[in-house]
1. Looking at (1) buried (at least 16 other Cβ atoms within 10 Å of the Cβ); (2) away from chain A (no Cβ under 14 Å); (3) within 30 Å of residue B:109 (Cβ to Cβ), find the lone condition where residue B:38 falls short.
2. Of the conditions (1) under 13 Å from the mean Cα position of the chain (by Cα); (2) surrounded by 24 or more Cβ atoms within 10 Å (Cβ to Cβ); (3) outside any helix (DSSP H, G or I), residue A:97 clears all except one; give me its number.
3. Give me the pairs: first residue in segment A:116-143 and closer than 15 Å to residue A:7 by Cα, second residue buried (at least 18 other Cβ atoms within 10 Å of the Cβ) and modelled with pLDDT under 95, beta-carbon distance under 6 Å, and six or more apart or on different chains, which are they?
4. Quick one: count up the residues across segment A:354-391 that are outside any helix (DSSP H, G or I) and closer than 19 Å to residue B:26 by Cβ.
5. Tell me, please, whether a residue that is in contact with a Phe, Trp or Tyr (Cβ under 6 Å, 6 or more places away or on another chain), more than 24 Å from residue B:14 (Cα to Cα) and among the hydroxyl-bearing types (Ser, Thr, Tyr) can be found in segment A:317-329.
6. Is it the case that some residue within segment B:124-143 is within 14 Å of chain A (Cβ to nearest Cβ) and in a loop (DSSP other than H, G, I, E, B)?
7. Regarding residue A:368, is this residue under 13 Å from residue A:174 (Cβ atoms), in contact (Cβ under 8 Å) with a residue 24 or more places away in the chain, surrounded by 19 or more Cβ atoms within 10 Å (Cβ to Cβ) and of a type outside the set (S, T, N, Q)?
8. State all residues of segment B:20-49 that are assigned to a loop (DSSP other than H, G, I, E, B) and over 23 Å from the mean Cα position of the chain (by Cα); if no residue qualifies, say none.
Amino acid sequence: MRSFISERAALLKPSGIRKFFDIVHEKKNAISLGVGEPDFITPWDIRDAGIRSVQKGRTQYTGNRGLPELRENISEYLRVRFSLDYPKERIIVTVGASEAIDLTLRAICEKDDEIIIPDPCYVSYAPCVSLNSAVPVSVKCTDENGFIITPEMLEAAITPKTKALILAYPNNPTGGIMTKEQLEKIVPVIEKHDLLVISDEIYAELTYGEKHVSVASLPGMKERTVLINGFSKAFAMTGWRVGFVCAPKEIDDAMFKIHQYGIMCAPSMSQYAANYALKSGFDDNFASVKYMHDEYNRRRRFMVNAFNSMNLACFEPKGAFYVFPSVESTGLDGEEFATGLLEKQEVAVVPGVSFGEAGKYHIRASYATSMEQLNKAADRIYKFLRELNGA
Amino acid sequence: MDRLEKEILDVLRDDCRYSAAKIAVMLGESEEKVVAKINELEESGIIVKYAAITNSELIDEEVVEALIEVKVTPQKGRGFDGLAESVSLCPEVKGVYLMSGTYDLAVFVEGKSLRNISRFVAEKISTFDCVISTATHFILKKYKIEGNITQKQDSMRLSVQP
């Protein structure tokens with residue numbers, strides 16, 4: 001029989017994280033710092049709103065773009081929280097931010113187009129680019145400058161084929177953010193080369209110290225930015241799968257067609273729950289978001305301090321819920337470190353290389369886990385290091 | 001109460017075993033400052049005690065707990081305080097609260113047996129002149145204790161995710 005697999009699919013590399021997942025899965029007592037989602041469960045009133053929608057029989061499709069009321073509230077949310085101005089007609093509710101990423105790339109990628117991606121970053125951008133016959137171009141970011149993209153780095157990566165730049169700040173896995181000033185510096189390069197920015201801002205609510213600034217809020221940038229966000233991280237709603245995307249009209253039109261044919265609409269129940277999350281957020285100034293944020297912030301300080309005091313140089317993450325320390329001082333690379341740590345002390349962290357070559361000597365440790373577990377994990381990592389040093 | 005005091009309480013309410021040094025790291029403050037604040041919180045009585053929260057149902061020892069609703073005629077000049085203070089002195093009483101609604105004092109008691117508690121109600125609480133009536137409710141099962149759900153909940157979270 002002939003192979004039915006497309007070349008595109010065949011060439012796709014299996015996720016590096018998946019391999020690690022299988023090993024961790026066998027260790028029943030492992031403490032996992034490998035998670036990429038909140039440890040909080042969705043606030044009960046949001047869950048209840050989802051349940052009520054089902055009880056009321058709201059189980060049909062919604063319009064392709066998503067519930068009008070939800071889009072109105074998203075529009076308001078973006079205005080209130082991030083000073084962005086998108087009418088509800090320019091918002092598509094997607095099946096998580098993941099669909100939005102895929103949708104955007106499907107709408108814009110032409111064969112051999114180059115898409116610039118910061119390295120390290122979330123695992124799905126490059127494969128989604130490749131699936132659309134375009135070429136992912138990594139820009140190596142380093143902890144010295146906080147894992148951001150500088151104008152020089154961007155300029156160096158641009159060729160006549162470059163079409164777009166993916167910005168993913170606050171960043172998974174590094175926790176790096178880009179400040180307004182840092183974003184302003186790359187804008188001229190973006191404009192000069194007439195690039196599109198795909199800005200994945202799923203961690204926008206989780207910044208520590210400075211408020212998140214969306215690149216789309218800078219002068220002139222809204223018309224060349226596709227803004228992606230969602231409910232997963234801010235409202236602890238990962239399993240509901242609701243995200244949204246806002247784009248310039250031409251791109252929005254293209255994405256809308258693909259979304260219509262490929263997805264129809266995001267799950268109705270989840271949309272009702274998400275709508276409630278925003279409505280109640282407007283009423284109490286997003287108290288549950290703040291509660292989770294403050295809790296993460298304490299854990300973040302604890303983790304940064306723990307790694308630094310163990311001599312694993314840890315850049316201070318200003319966003320998301322990850323720390324990304326370098327393990328180079330141990331003589332191991334991130335993968336060897338993670339494998340050893342899991343084997344000897346049963347703590348799971350993710351090798352940085354899963355997020356790109358630039359993460360080779362790093363590990364990603366998520367602090368979306370209770371303080372109690374973090375405490376234990378830190379003790380075990382300490383023991384692991386002592387053993388490594390032959391003590 | 002200032003922001004730092006609130007944050008310290010947040011941390012200690014969740015787990016009172018954290019050292020001042022660790023709390024200082026978590027809150028991004030100096031250790032001296034945190035120690036001073038904790039001392040103040042202790043001295044002012046805001047922090048009552050550091051104790052383990054236990055689930056008596058799992059302890060292999062007969063313990064009976066009850067909530068006694070007490071209706072009271074307020075005493076001249078003292079209102080409910082006189083009775084409440086006297087009742088508070090009994091060692092089997094774990095909590096005394098003045099309530100709004102259909103009764104006045106809620107008294108939580110702990111005893112070795114039902115009889116034990118019945119006797120406490122009959123021989124101690126009911127004998128106060130100002131007590132009009134009592135209603136005793138025994139606690140049958142604890143679902144949530146001090147904000148903690150007693151039934152271990154399985155986490156379905158995948159252990160490694162992108």
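The values are calculated or read from the model by the stated rules, or taken from the named source; none is laboratory data. In this text, all values refer to a predicted model and were calculated from it rather than measured experimentally. Glycine also receives a Cβ, built like all others from the backbone with ideal geometry; neighbour counts cover every protein chain displayed.
1. (3)
2. The single condition residue A:97 does not satisfy is (3).
3. none
4. Taking segment A:354-391 and keeping what is outside any helix (DSSP H, G or I), we get A:356, A:360-370, A:389-391.
When the remaining residues are screened for being closer than 19 Å to residue B:26 by Cβ, the result is A:365-370.
So the count comes out to 6.
5. yes
6. Step one: list which residues in segment B:124-143 are within 14 Å of chain A (Cβ to nearest Cβ), which gives none.
So far as segment B:124-143 goes, no, none of its residues is within 14 Å of chain A (Cβ to nearest Cβ) and in a loop (DSSP other than H, G, I, E, B).
7. On the way: under 13 Å from residue A:174 (Cβ atoms): no; in contact (Cβ under 8 Å) with a residue 24 or more places away in the chain: yes; surrounded by 19 or more Cβ atoms within 10 Å (Cβ to Cβ): yes; of a type outside the set (S, T, N, Q): yes.
The answer is no for residue A:368.
8. Kept after step one, since they are assigned to a loop (DSSP other than H, G, I, E, B), are these residues of segment B:20-49: B:28-30, B:44-49.
Within segment B:20-49, B:28, B:29, B:30 meet the criteria.
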